[in-house]
Amino acid sequence: MSMSELDDIGDGKTKKKRGRPGRPPAPSKKPRKSPSEKGPMGVQRGRKANGMAQQNGEGDPVTLFEVVKQGKSAMQSVVDDWIESYRQDRDLALLDLINFFIQCSGCKGTVRIEMFRNMQNAEIIRKMTEEFDEDSGDYPLTISGPLWKKFRYNFCEFICVLIRQCQYSIIYDEYMMDTVISLLTGLSDSQVRAFRHTSTLAAMKLMTALVNVALNLSINQDNTQRQYEAERNKMAGKRANEKLELLLQRRKELQENQDEIENMMNSIFKGIFVHRYRDAIAEIRAICIEEIGVWMKMYSDAFLNDSYLKYVGWTLHDRQGEVRLKCLKALQNLYTNRELFPKLELFTNRFKDRIVSMTLDKEYDVAVEAIRLVTLILQGSEDALSNEDCENVYHLVYSAHRPVAVAAGEFLHRKLFSRHDPQAEEALAKRRGRSSPNGNLIRMLVLFFLESELHEHAAYLVDSLWESSQELLKDWECMTELLLEEPVQGEEVLLDRQESALIELTVCTIRQAAEAHPPVGRGTGKRVLTAKERKMQIDDKNKLTEHFIMALPMLLSKYQTDAEKVANLLQIPQYFDLDVYSAGRMEKHLEALLKQIKFVVEKHTDTEVLEACSKTYCILCSEEYTIMNRVDIAHSQLIDELADRFSHSVEELLQAGEEADDDDIYNVLSTLKRLTAFHNAHDLTRWDLFGNCYRLLRTGIEQGSMPEQIAVQALQCSHYSILWQLVKITEGAPSKYYNDYGDIIKETLSKTRQTDKILCAKTLILSLQQLFNELIQDQGPNLDRTSSHVSGIKELARRFALTFGLDQIKTREAVATLHKDGIEFAFKYQNPKGPEYPPPNLAFLEVLCEFSSKLLRQDKKTVHSYLEKFMTEQMMERREDIWLPLISYRNSLLTGGDEDRMSITSGSSSSKAGSIRSKKGRPPLHKKRIEEESVEGSWMIRNDTLQTPGALQTPQLTSTVLRENPRQAAEHLSEQNSEPGSESDYVHNPQMQMSWLGQQKMEEVNRKERTAMNYMKARSGGVRQTVRGLMEDDAEPIFEDVMMSSRGQLEDMSEEFEDTMVIDLPPSRNRRERAELRPDFFDSAAMIEDDSWGFGALLKGT
């Protein structure tokens, strides 16, 4: 029977009943509770007539949204309960599902049953949009935190499980899926981002679930077709016609279901994906690309073709790195399967250049994934990439960003350093007498290193290949064979530069194995090794030690005349486990090594080689190892010979005088170079090298005929000799000088404060400014305010603040002067980039914050007024991070309340209730003002009476002179010279030191009186308009019925509104005007005279 006959038979059948194809009816079972009796979580719940879910008496979640958000129940149980409710009343169940998607978008609105039955989707969405609160901008998919991260996972799982549980019946009823797809399509086209984002994610996960259903249907169709063919090919007597009919019917049902699933997928793809993959929001675009990659991998027969791949290819050019990253990861999942390469061939040819160029992407994460994708392409087809494509990736092994370099190292390993036929290569190595088959690969590595022409970056190359080519890089036996043994037949001789490169690479591999961390410049620092990594490090160190203990003397012997090679080889002992010499009874190899080092010292005068020899002796002489005595004897013998030779050569040179020849000069210079190199790391004072060096220098000074090179070396050797003597003196000196240092400083500060509090405060602030300037010079103007250096200055400021004690009245003037100097320092220079950038010293205000708590409440306002004189309108409006020091300092001056006032009048801190005082318990205003004025007078009189005692003259601040930033000082020298009230004025003029607060008070008093006079003159008309402008539109001006002809009336009004004066009003737009009309902060009665405090706002409060 042919396939057309099968179709004819199928067409003659009646339309099937929707259900699971070929599945026998389920056995009878106990019926479930109705939806009115059980909710999604299995708890009882009820419904209102409009279909809205109600809370039960115990407060358990009853909506799908709450259940999914909390995730306390298994998702399959939640879905099964919804399916049961759908079978009872599909409208109410669908209404639950619709409200689930609405609430998952963050919308507070609810779709009611009458809306669902009578309104179109567009009308429902419009209604929900009107009820959407977009003020916060956050919705479940964007809110941070573990709860909402879990919600996203639960949301996607719910959709997947829903389709999986409905795949045999409900999704084919032409009602549920049509409703859901229609709703999601409408929401995905909404202008509200939350609707668009949530519905797109739901639709893409829905599509993924449908693709899985379609794949299962396809597999079932293939199985059914094979069963049908097998049954039909049987002999006529053995053929079961009833089974053929059942298989034919099942095949037809599967095809119909497949057609319906394809229609649903087409609706989602064309209605949602095609529009949203280019959405303005990067997250939405990323969702689309991530899911289409899943479809192509899951059901490659249907989706892995150019019609779908083109969307991924186009999105490789997306402007957001997040989206480009999703594209690359989607493609990686495809290129991992080599069976899919034929279907990807056209795409590879079309977009290969773009993928290769993305290895240089500005986003490092994207570049890493692009390199990995190129590596997968290389694995699938050697011919897919040209030599130029490969070279674009090769050089990335030298990248400073380690993940990029490691990914490029994996590519390089796959391309150049992987053995294609290990068995054949091992056999060839044995025939040549080599112990390792890696000889050719190591030669290839050396050639690659030399051709890259980045010879200072061998450590970077090794680090890049370390994870992918460890077996090759740890083959030190093969490297040593190439360096020591003559080439066998078929091998080329290593050239001199190739030997140097191989030695350098060998040393880098030894360092990487011994230290087990990347080189300097790669990574953020040393990380803690795991137990497995630590064990590998120990094993590698033992392995390299055992090998190079024997090989290093031979290598030094062969290359002892080559300075570059020897300098590199002498770095190897620092990575040894020196206990192996004793434990392995390898002292003879130690003797051979010391002998070779001595030969090297005698043959070379190159500083790098000599310092390498000196460092090697220093390492081998460590007291913790038993070989120390043996090494120390060899070292002393070498120094004895050099010192004797130096002494004799100096005598000969000095005796020859002007007749000294080149040999005499060379003998002194060469020996002195060797001794100087060793004196740097070893204490050679017992050989008294300083005496001969001094003789050389004195002769050069007196006669002027000493060669410059000898003079330089003699100076350096003398310098080391003096330093070693100082070390001995320091180590032998008693430590009691340091024990009392802190107490001495504290006592000094205390005496200075007793002598003159203001000068003491200026000394403290100058010290902090000096530290700050040094930090600016070291780190530049862009300070890291979280660094330990800045924290150290702030901690010092905090400790300085504690020295002022608890009596704020006694230190009032000193603290205010300290703040004044600090403000002037912070705004001393303008930013050369322009006024929109912060002054270079603005970060100093964060240090100054530590002293704000020492200001009285009235003084805080005065200091704040002084601060505003330096600020522009732009500064007041800026809120970026670089302006945080200014914002923090202003906030520290605006806090306080009535606590400081109570401390002045009563001498004790106020209670919490004391900040809001009732009129009944308030003392008379004039009495309170007299008390405050008496307190103020106490420090005002001090300006005239307080003098520095004659026995203790005011010292010059020589030890804390502020060291300026040289560049800034040069740019603003003229400004300093012309600025009145400069630093020198405050140092030498005690009157200026102690009268700043008084000057500020007088300025405020004069301004207050001028304001009062102007107000009286303009009592009608313009002033009323001004007052009305400062009030709320619906407030009645308080000054309309008040005649102010005297100060007494102002005092009465001040008394009436005293309780409202301490209210902190939000900053108004006319902040600059308020700053210019600030009232006297030391006279609370005068505060009422200036309407800039906003009586309109106070009226609103009353």
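The values are calculated or read from the model by the stated rules, or taken from the named source; none is laboratory data. For clarity, every value in this text was computed on a predicted model and none was experimentally measured. So basically every Cβ, Gly included, is an ideal-geometry build from the backbone, and we count neighbours across all protein chains shown. The accessibility values were calculated without ligands, DNA or RNA, using every heavy atom of the protein model including side chains. Shrake-Rupley method; radii C 1.70, N 1.55, O 1.52, S 1.80 Å.
Table for the structure above
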read-out: Selection status of residue 447, out of contact with any strand residue (DSSP E or B) (no Cβ under 6 Å at 6 or more places or on another chain), crowded, with 20+ Cβ neighbours inside 10 Å, modelled with pLDDT of 90 or more and not β-branched (Val, Ile, Thr); value: no
read-out: Residues of segment 699-708 classified as loosely packed, with under 14 Cβ neighbours inside 10 Å and either small (Gly, Ala, Ser) or within 24 Å of residue 639 (Cβ to Cβ) (or both), total; value: 2
read-out: Count of residues meeting criterion [of a type in the set (Gly, Ala, Ser), outside any loop (DSSP other than H, G, I, E, B) and either open to solvent by 20 Å² or more (accessible area, probe 1.4 Å) or touching a Phe, Trp or Tyr at 6+ places or on another chain (Cβ under 6 Å) (or both)] in segment 811-856; value: 2
read-out: Extreme residue, most open to solvent (accessible area, probe 1.4 Å), among residues of segment 297-313 that are part of a loop (DSSP other than H, G, I, E, B) and in contact with a Leu (Cβ under 7 Å, 6 or more places away or on another chain); value: 299
read-out: Check on residue 329, at pLDDT 95 or above and surrounded by fewer than 18 Cβ atoms within 10 Å (Cβ to Cβ); value: yes
read-out: Residues of segment 261-281 satisfying the condition of being touching a helix residue (DSSP H, G or I) at 6+ places or on another chain (Cβ under 9 Å), surrounded by fewer than 17 Cβ atoms within 10 Å (Cβ to Cβ) and not hydrophobic (A, V, I, L, M, F, W, C); value: 262, 275, 278
read-out: Residue among 665, 633 that alone is free of Cβ contacts under 8 Å to residues at least 12 places away in the same chain and part of a helix (DSSP H, G or I); value: 633
read-out: Unmet requirement for residue 516, which otherwise passes all of (1) of a type in the set (Gly, Ala, Ser); (2) within 30 Å of the chain's Cα centre (by Cα); (3) under 20 Å from residue 601 (Cβ atoms); value: (3)
read-out: Qualifying residue in segment 354-377 (condition: of a type in the set (S, T, N, Q), farther than 20 Å from residue 314 by Cβ, surrounded by 15 or more Cβ atoms within 10 Å (Cβ to Cβ) and over 24 Å from the mean Cα position of the chain (by Cα)); value: yes
read-out: Residue within segment 864-881 that is among the aliphatic types (A, V, I, L, M), surrounded by 21 or more Cβ atoms within 10 Å (Cβ to Cβ) and either under 15 Å from residue 837 (Cα atoms) or touching a strand residue (DSSP E or B) at 6+ places or on another chain (Cβ under 9 Å) (or both) present; value: no
read-out: Top-ranked residue of segment 576-591 - restricted to ones that are over 11 Å from residue 549 (Cα atoms) and in contact (Cβ under 8 Å) with a residue 24 or more places away in the chain, ranked as most open to solvent (accessible area, probe 1.4 Å); value: 579
read-out: Counted residues, segment 547-562 - those being of a type in the set (A, V, I, L, M, F, W, C), over 18 Å from residue 620 (Cα atoms) and open to solvent by less than 30 Å² (accessible area, probe 1.4 Å); value: 1
read-out: Count of residues meeting criterion [open to solvent by 30 Å² or more (accessible area, probe 1.4 Å) and in a helix (DSSP H, G or I)] in segment 771-785; value: 5
read-out: Criterion: open to solvent by 10 Å² or more (accessible area, probe 1.4 Å), among the small types (Gly, Ala, Ser) and under 19 Å from residue 295 (Cβ atoms) - qualifying residue of 182, 218; value: 218
read-out: Neighbours by Cβ (under 8 Å, 6+ apart or cross-chain): first from segment 264-280, more than 11 Å from residue 181 (Cα to Cα); second outside any helix (DSSP H, G or I); value: 275/189
read-out: Pairs, first within 10 Å of residue 400 (Cβ to Cβ) in segment 510-523, second open to solvent by 10 Å² or more (accessible area, probe 1.4 Å) and not in a helix (DSSP H, G or I), C-beta under 6 Å, six or more apart; value: 521/400
read-out: Hits in segment 676-694 - residues which are hydrophobic (A, V, I, L, M, F, W, C), buried (at least 24 other Cβ atoms within 10 Å of the Cβ) and touching a Cys at 6+ places or on another chain (Cβ under 7 Å); value: 689, 693
read-out: Of residues in segment 621-643 being closer than 19 Å to residue 573 by Cα and touching a Ser or Thr at 6+ places or on another chain (Cβ under 8 Å), the one surrounded by the fewest Cβ atoms within 10 Å (Cβ to Cβ); value: 626
read-out: Residue 646 under 50 Å from the mean Cα position of the chain (by Cα) and either small (Gly, Ala, Ser) or open to solvent by less than 60 Å² (accessible area, probe 1.4 Å) (or both); value: no
read-out: Boolean, residue 109 is part of a loop (DSSP other than H, G, I, E, B) and under 20 Å from residue 182 (Cβ atoms); value: yes
read-out: Condition check for residue 531: open to solvent by 10 Å² or more (accessible area, probe 1.4 Å), small (Gly, Ala, Ser), farther than 20 Å from residue 459 by Cβ and touching a His at 6+ places or on another chain (Cβ under 7 Å); value: no
read-out: Residue in segment 233-244 that is crowded, with 17+ Cβ neighbours inside 10 Å and polar (S, T, N, Q) present; value: no
